[in-house]
Amino acid sequence: MLPEICLFLAMLGLVAYAVLGGADFGAGFWDLTAGTAHGGARVRGVIERSMSPVWEANHVWLIFVLVVLWTCFPVFFASIMSSLYIPLMIAALGIILRGSAFAVRGQAATINEARWFGALFASSSVLVPFAFGTVVGGIASGRVPVGNAAADPWSVWLNPTSIYLGVLAVALGAYLAAVFLVGDAEKLDEPEMVTAFRRRALGSGFVTGAIALGGLFVLRGDARELFDGLTSGMGLVCVVASALGGITTIALLLAGRYSWARWTSAVAVAAVVAGWAFAQSPYLLPGELTLDEAAAPNAAITAFLIAVAFGLVVLVPSLVWLYRLALRGDLQGEFHPIDEKFRGGAPADERPRERGGES
């Protein structure tokens, strides 16, 4: 029972990171594709305003997941960290670079500096979820054996399943971010930005759905056990729930119910993560290591759960309050196009609005 509780906590943290961190990374994707320095300035301004209060807090969930895994499932943790060290190092480096670039871009002295830091932030925002997706692919396809660096360091994450899940991770983040940002744009009373992000949300929703559906053929040929798990039992239930969540989100976007669309888009992504867990149950490393085999001694798990109980009393209310304030718009500053301070001439409220962000 204790290992199951720990796995539930790990999956809960992973779902939170996939939704909140995924939207965080997805905002970087839209920053990357916004357009020129001036044409995409308004889109980037909405992104910066929305991300600023929460982008650091979103990564708390990644730390929580890592602590659960190395404390409660040390053999599993050691196996994946030593076999998948290349994509994990890429992800870690990307998180550092994107955070630094995002913080520094606002202090840039010239438009060229802002563009350079913006490019670093945006490209890292795509690289990180892709790397994490390849890690999941290596695990889910059964390519990670038990032991210290027991797998080939390249083929374990450069394979059809890993590449597919890397692309899907980027697409899911972009989809989540667009849905969240259209709601923020509405609260700003910026009709042009509402239209711009609504188009992005609808387009990325259809593209992500197509990627998810098409990927089943990849899994059928490269990771048959994972495919079988996703097309039967609770795995299939989660796949259907994800599809229904995606369809409902599109309907809500078309109806202009953007606040509700945030919740249904989160459900769609959460169901994907849950489906992975059910599809490879009872294994943590498919074909190699079961949940019970991977579990730490009961004494260690009990001590960990006691510590977590005390920690969550502080962490959960704090984060709930932070996200509530952020969703209400109470923490964001005024909206400014990202290039505003580099323009000359008329005051900000008298300058013509850029319309390039709608494209």
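Laboratory data are not the source of any read-out in this text; all were calculated from the coordinates shown. Computed from a predicted structure; not experimentally measured. Positions of Cβ are backbone-derived with ideal geometry, glycine not excepted, and every protein chain shown enters the neighbour counts.
What nm distance separates the two modelled labels at Arg199 and Trp321, each placed 7 Å from Cα along Cα→Cβ?
About 4.1 nm, to one decimal.
So how do 171-179, 320-328, 153-161 stack up, highest first, on mean other-Cβ count within 10 Å? Present the calculation step by step, with values, prior to reporting the outcome.
On the way: 171-179: 28.8, 320-328: 13.3, 153-161: 18.4.
Ranked by mean Cβ neighbours within 10 Å, highest first: 171-179, 153-161, 320-328.
Please express the Cα-Cα pair-distance distribution P(r) of segment 122-249 as a list of whole percents, one per 10 Å bin, running from 0 to the bin with the greatest distance.
The calculated distribution, bin by bin, is 13, 34, 32, 15, 6, 1.
Where in the chain are the DSSP H helices whose alpha-carbon span along the long axis reaches 30 Å or more and whose Kyte-Doolittle mean is at least 0.0? Walk me through the intermediate numbers first.
Details: long enough: 111-140 (44 Å, 1.16); 160-187 (41 Å, 1.29); 191-222 (45 Å, 0.58); 233-255 (33 Å, 2.10); 258-279 (32 Å, 1.04); 298-328 (43 Å, 1.77).
The answer, listed by residue number, is 111-140, 160-187, 191-222, 233-255, 258-279, 298-328.
Write out the cysteines belonging to the chain for which the nearest other cysteine Cβ is not under 4.7 Å, or none if no such cysteine exists.
Within the chain, the cysteines lacking a partner Cβ under 4.7 Å are Cys238.
Expressed as a fraction of 2.2 N^0.38 Å, the rule-of-thumb size for a compact globular protein of N residues, what is the C-alpha radius of gyration of segment 104-177?
Values: Rg = 16.5 Å, N = 74, 2.2 N^0.38 = 11.3 Å.
Cα-based Rg divided by the globular estimate yields 1.46.
Can you give the Kirkwood hydrodynamic radius of segment 4-139 from its Cα pairs, in Å with one decimal? If you can, show how the numbers build up before the last one.
Working: mean 1/r = 0.0631 Å⁻¹.
The Cα-based Kirkwood calculation yields 15.9 Å.
Å³ per residue of the Cα convex hull, for segment 1-81? Please list the in-between numbers first.
On the way: hull volume 7.4 nm³, N = 81.
Considering the Cα atoms of segment 1-81, their hull volume per residue is 92 Å³.
What is the mean projected area of the alpha carbon convex hull for segment 134-178, to one decimal in square nanometres? Please report the intermediate quantities before stating the final value.
Numbers: hull surface 13.0 nm².
The directionally averaged projection comes out at 3.2 nm².
Rounded, prolate or oblate: which one fits the chain, using the alpha carbon gyration tensor with axes a ≥ b ≥ c (rounded when a/c is under 1.5, else prolate when a/b beats b/c, else oblate)?
prolate
For segment 2-329, what is the charge dipole size about the Cα centre, in debye to the nearest 20, if Lys and Arg each add +1 at the Cβ and Asp and Glu each add -1 at the Cβ? List each step's numbers first, then the result.
Values: 17 positive and 18 negative charges, 169 e Å.
Roughly 820 debye, rounded to the nearest 20.
Can you classify segment 71-112 as rounded, prolate or oblate using the Cα gyration tensor, where a ≥ b ≥ c are the square roots of its eigenvalues, rounded means a/c under 1.5, and otherwise it's prolate if a/b beats b/c and oblate if not? List each step's numbers first, then the result.
Working: a/c = 9.19, a/b = 3.29, b/c = 2.79.
Here segment 71-112 falls in the prolate category.
Tell me which of Gly205, Gly45, Val167 sits at the most positive position along the dipole axis of the chain, charges placed on C-beta atoms (Lys, Arg +1; Asp, Glu -1).
Among Gly205, Gly45, Val167, the one farthest towards the positive end of the dipole of the chain is Gly45.
If I model a spin label at Ala109 and Glu4 as a point 7 Å from the Cα along the Cα→Cβ vector, what separation in nanometres do I get?
Calculated label separation equals 6.2 nm.
Taking the Cα centroid of segment 131-148 and of segment 312-341, what is the distance between the two, rounded to the nearest whole Å?
That distance is 34 Å.
Stokes-Einstein D for segment 100-147 at 25 °C, 0.890 mPa s, Kirkwood Rh over Cα pairs, in µm²/s? Each step should come with its number before you reach the end.
Details: Rh = 12.7 Å.
In µm²/s, the coefficient rounds to 193.
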